[in-house]
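Take a look at the structure below.
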Amino acid sequence: MISPKFFIDTLAEYGVDFFTGVPDSLLKNVCAYITDHIEPHHNIIAANEGGAIALAAGYHLATKKIGCVYMQNSGQGNAINPLASLTDCEVYHIPLLLLIGWRGRPGIHDEPQHVKQGKITTGLLNIMGINYEVLNKDEAIASKQIRKALNSIQETGNVFALVVEKDTFDAYTLQNSVLDTFPMTREEAIKAVAQSIEPEAVVVSTTGMISRELFEYRANNSQSHERDFLTVGSMGHASQIALGIALQKNDRRIYCFDGDGATLMHMGGLAIIGSMKPDNLIHIVFNNGAHDSVGGQPTVGMQINIPDIAKACGYKTTFRVSTIDELNNVLSSIKCLHGPIMLEVLVRKGNRKDLGRPTTTPIENKMALMQYLNK
Ligand SMILES: Cc1ncc(C[n+]2csc(CCOP(=O)(O)OP(=O)(O)O)c2C)c(N)n1
């Protein structure tokens, strides 16, 4: 395996000292090493992968240096527009190094949302004209590949990608973790909300642990999953799925269970919710200030005021809570309020180690929800 230190030190030999991206579970160890060892102005955890490409482009414009953009392959879609219309050699021709975690690599078992993206990961690079290497797990071979990538970027000015499989980097545990002294865990908060909402309400939950915790709550309480849409992929889009349902089904309350990382990723969605004003939509952001599902790297979730942003976007009522009593009080008071409502719940990072995964397929999930919505 490759030591994260070795990887970062090798990049440093080529003057690569600027990092930006969205963290990934396969890149967890190297992302954690970067978070701990690179000063914050040189490691920007971006709102989304497209933003990261643009940040690295700006860095190059200002310094002539090569930035490194890390992402899960799920983020390729977000990155393609700026890769094709900003950094590409037929447009501004801006060099950078991509580090892409390869979830769903064909032949390796992975969750359904990663299977399609895994199949098209290298094909997308090919069609974009981006040269790549699948990083070898042997440090000596990897060293040659990293040098090949950086020599190529320096000589041609073109983007080059290093594609990273599972278990490529040695273990490294994040030291500079966000301070979280909040009394509730995300799972406790999800349980409290799921217990309190109207029995016929629909929940659209976001990517990662939030959907997994909701699924387990239903399973442990012998409840069916038909009211929940678990957005296992498409990070950042759960609120717009909820909006799409809410506008058509105004006889039901629609809840969106969101994360701070996901909310930030496509924050423009808040403005659309605020302008459409669905009175049956309740948007709940479980804010732990981190991309908890992929290793706990920080977001700016604790530095911004999500209820104020929602209010400014046109949400009718907004709340922020951090204790179970505050949460229960708000949950009972919102029953007679009109939406759109934003409820931010401040929670601690972390999840149960034995947390399961949805056992229904995405298609089964969709069919059950559609049947339920049209009953
Ligand atoms: C476009 C995209 N980029 C990155 C990922 C990888 N990913 C999955 S969950 C997650 C973190 C989500 O963070 P947040 O919304 O704050 O929820 P938390 O995990 O903290 O509960 C990330 C980065 C992804 N699935 N899709």
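The values are calculated or read from the model by the stated rules, or taken from the named source; none is laboratory data. All values reported here derive from a predicted model rather than from experimental measurement. Backbone-built Cβ (ideal geometry, glycine too); neighbour counts: all protein chains shown. These area figures cover heavy atoms from the full protein model, side chains too; ligands, DNA and RNA do not enter into them. Shrake-Rupley method; radii C 1.70, N 1.55, O 1.52, S 1.80 Å.
Points worth noting:
- Hits in segment 353-370 - residues which are touching an Asp or Glu at 6+ places or on another chain (Cβ under 7 Å) and open to solvent by 80 Å² or more (accessible area, probe 1.4 Å): R357
- Among the residues of this structure, A246 does not count as one that is within 12 Å of the ligand (Cβ to nearest atom), surrounded by 20 or more Cβ atoms within 10 Å (Cβ to Cβ) and either part of a helix (DSSP H, G or I) or modelled with pLDDT under 95 (or both).
- Output for segment 204-226, where each listed residue is of a type in the set (S, T, N, Q), surrounded by 23 or more Cβ atoms within 10 Å (Cβ to Cβ) and in a helix (DSSP H, G or I): S211
- Any hit, segment 2-11, residues being over 13 Å from T168 (Cβ atoms), in a strand (DSSP E or B) and open to solvent by less than 40 Å² (accessible area, probe 1.4 Å): no
- Checking each residue in segment 10-40 for being within 15 Å of the ligand (Cβ to nearest atom) and of a type in the set (A, V, I, L, M) picks out V22, L26, L27, V30, A32, I34.
- Just one residue in the set A142, A189, A194, A149 is in contact with an Asp or Glu (Cβ under 7 Å, 6 or more places away or on another chain) and in a helix (DSSP H, G or I); that residue is A149.
- For segment 276-284, the criterion of being within 13 Å of the ligand (Cβ to nearest atom), part of a loop (DSSP other than H, G, I, E, B) and modelled with pLDDT of 95 or more is met by none of the residues.
- Among the residues of segment 67-110, those that are of a type outside the set (F, W, Y), open to solvent by 60 Å² or more (accessible area, probe 1.4 Å) and assigned to a loop (DSSP other than H, G, I, E, B) comprise C89, E90, V91, H93, R105, P106, G107, I108, H109.
- Selected residue (criterion: least open to solvent (accessible area, probe 1.4 Å)) from residues of segment 152-186 that are among the polar types (S, T, N, Q), assigned to a loop (DSSP other than H, G, I, E, B) and at pLDDT 95 or above: T168
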